[in-house]
1. For E33, E62, E103, what's the fewest-to-most ordering of other Cβ within 10 Å of each Cβ?
2. At a Förster distance of 25 Å, what's the computed FRET efficiency of E33 paired with M109, Cβ-Cβ distance as r, to 0.05?
3. Given contacts defined as C-alpha pairs under 8 Å and at least six residues apart, what's the relative contact order of region 25-109, whole-number percent?
4. Tell me the net charge near V91. Cut-off is 14 Å between Cβ atoms, V91 excluded, with +1 for each Lys or Arg and -1 for each Asp or Glu.
5. Suppose R0 equals 22 Å; then what is the FRET efficiency for I53 and F95 from their Cβ-Cβ distance, rounded to the nearest 0.05?
6. Determine ³J(HN,Hα), in whole Hz, for all residues of region 103-110 in sequence, where each value follows from phi through the Karplus function 6.51 cos²θ - 1.76 cosθ + 1.60 and θ = phi - 60°; x replaces Gly and Pro.
7. Under 30 Å between alpha carbons, and skipping anything fewer than 8 positions from K40 in its own chain: which lysines qualify?
8. Kindly write out, for region 52-66 in residue order, the coupling ³J(HN,Hα) from the Karplus curve 6.51 cos²θ - 1.76 cosθ + 1.60 (θ = phi - 60°), rounded to whole Hz, with x marking Gly and Pro.
Amino acid sequence: MVKMNLVLLLMVLLLSLAVVNGFADDLSRSKSESASMMHKLGRGVVNFFTGWIEVPKNIAVEWKKSDPFSGFVIGTVKGFGWGWGRTVCGVYDVFTFPLPIPEEYGPVMEPEFILPDIWGADFPYYDEPL
């Protein structure tokens, strides 16, 4: 019985150390320079392939602010401008990911990604539900 309790205590101790070690690894990895470089590379790839989404996104924003025709025209023009900028920033991030520019691998444009609603901000919608 004593041997069984000792084995159980040892297993609980080892399991708790493994969990603590796992959390420490995540904390140290997320602040490392290589993690920042890989985040910049990923941001560049995502922005390169999703820059075109700026067009429907800006149409939705402008449509919400004004009437449908003006929203479509202004949103299309703004969307092409922001989409081109986001795509170029994506290419820039991909080619400069090993370099800490801008400071500490920060984003060139805000928001960092095309759809910030996934990371907490609201995404514009066309109309309120009826």
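Quick note: the coordinates plus some simple rules give every number you see, no bench work behind them. As the structure is a computational prediction, the values presented were derived from the model and not from experiment. FYI the Cβ positions are ideal-geometry reconstructions off the backbone, even for glycines, and counts take in every protein chain you see.
1. E103, E33, E62
2. 0.70
3. Relative contact order for region 25-109 comes out at 37 percent.
4. Details: positive: K40, R43, R86; negative: D93.
Charge balance near V91 sits at +2.
5. After rounding to 0.05, the efficiency reads 0.50.
6. 3, 6, 6, x, x, 7, 10, 10
7. Cα-Cα hits under 30 Å: K31, K57, K78.
8. Once rounded to whole Hz, the list reads 5, 5, 4, 5, x, 5, 6, 4, 5, 5, 5, 4, 5, 6, 9.
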